[in-house]
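The values are calculated or read from the model by the stated rules, or taken from the named source; none is laboratory data. All figures in this text were calculated on a predicted structure; none of them were measured in a lab. Glycine also receives a Cβ, built like all others from the backbone with ideal geometry; neighbour counts cover every protein chain displayed.
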Amino acid sequence: MANRFDPRMTATQGAAPVAGESVAFDAGLRSYMLSVYNYMASGVLLTGIVAMLFARSGAAEAILGGPGLLKYVIMLAPLAFVMVLSFGINRLSTGTAQLLFWAFATVMGLSMASIFLVYTGTSIALTFFATSAAFLSLSLYGYTTKRDLSGFGTFLIMGVVGLIVASLLNLWFQSPVMQLAISAIGVLIFAGLTAYDTQRIKSMYAYVAGTDMVGKTVIMGALSLYLDFVNMFTFLLSFLGSRD
């Protein structure tokens, strides 16, 4: 039944769904996507609140602005949570996956508090709203388009790897021009990933509908869109933000 409802399948690739089943599937899909967006938006909100409070407390400047092991623990902790969720999701319960997602959003907030030490509050707010508008448009496109975006996935992931390599190299070269190029390309790559991931997450419902994997798939979908949003915001802020 899962393949029959795959939104990327044509009428010649499987039997037509019964009307009642199709209505139930569409209702389930809407509920599933709404849950993904709710988790994603709540995670972004939690990250923003934690980042702002941590920065205003003065602790962020003391910890993130100076030497010390704790600084690197805070910076690398989000990556550890992403790896645990990505590679261990099949062994985790839905409740544990949810707790790990909220913990990830919290430590990500601690890590992102540094932007409040570098950029003005006004530029952060303006960039956030610009990113939100772009994200909504791109995600809506990914959800509604009939075009199969799966072919872009490998290209975009390769682009992310290239960005990581270029960013590491620029730690050595410290080139403002190179940093500007990295930021511009980063915005484009994560804009593309927003549309691609939305379509992928939507398509996944056909395979998990009616199984105990739905809750876990919601969390992983929310995590993907969260990362797309935060990375697009960060790259956009790096060349549009006004520094203190």
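For this structure, a couple of remarks:
Okay, residues lined up against (1) at pLDDT 95 or above; (2) more than 18 Å from G241 (Cα to Cα); (3) within 19 Å of the chain's Cα centre (by Cα):
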{"site": "M75", "(1), (2), (3)": "no, yes, yes"}
{"site": "G88", "(1), (2), (3)": "no, yes, yes"}
{"site": "G109", "(1), (2), (3)": "yes, yes, yes"}
{"site": "G121", "(1), (2), (3)": "no, no, no"}
{"site": "A133", "(1), (2), (3)": "yes, no, yes"}
{"site": "S137", "(1), (2), (3)": "yes, yes, yes"}
{"site": "G142", "(1), (2), (3)": "yes, yes, yes"}
{"site": "F152", "(1), (2), (3)": "no, yes, yes"}
{"site": "F155", "(1), (2), (3)": "no, yes, yes"}
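- Checking the stated criteria, M220 turns out not to satisfy the condition of being within 17 Å of the chain's Cα centre (by Cα), within 30 Å of D26 (Cα to Cα) and without any contact (Cβ under 8 Å) to a residue 24 or more places away in the chain.
- Pair list, Cβ under 6 Å, 6 or more apart: segment 153-180 residue under 29 Å from I201 (Cβ atoms), other residue part of a helix (DSSP H, G or I) and small (G, A, S): L156/G192; L163/G186
Conditions tested, residue by residue: (1) modelled with pLDDT of 90 or more; (2) under 26 Å from A103 (Cα atoms); (3) touching a strand residue (DSSP E or B) at 6+ places or on another chain (Cβ under 8 Å); (4) surrounded by 20 or more Cβ atoms within 10 Å (Cβ to Cβ).
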{"residue": "V161", "(1), (2), (3), (4)": "yes, yes, no, no"}
{"residue": "F173", "(1), (2), (3), (4)": "no, no, no, no"}
{"residue": "P176", "(1), (2), (3), (4)": "no, no, no, no"}
{"residue": "K216", "(1), (2), (3), (4)": "yes, yes, no, yes"}
{"residue": "F239", "(1), (2), (3), (4)": "no, no, no, no"}
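- Boolean, S203 is of a type in the set (S, T, Y), free of Cβ contacts under 8 Å to residues at least 24 places away in the same chain and part of a helix (DSSP H, G or I): no
- Residue identified as surrounded by fewer than 22 Cβ atoms within 10 Å (Cβ to Cβ) and either in a helix (DSSP H, G or I) or modelled with pLDDT under 95 (or both) among A195, A166, A222: A166
- As a summary of the residue check, L169 satisfies the conditions (1) under 17 Å from the mean Cα position of the chain (by Cα); (2) over 20 Å from F128 (Cα atoms) except for the one numbered (1).
- Scanning segment 106-140 for residues that are outside any helix (DSSP H, G or I) and touching a Leu at 6+ places or on another chain (Cβ under 7 Å) yields A113, S114, Y119.
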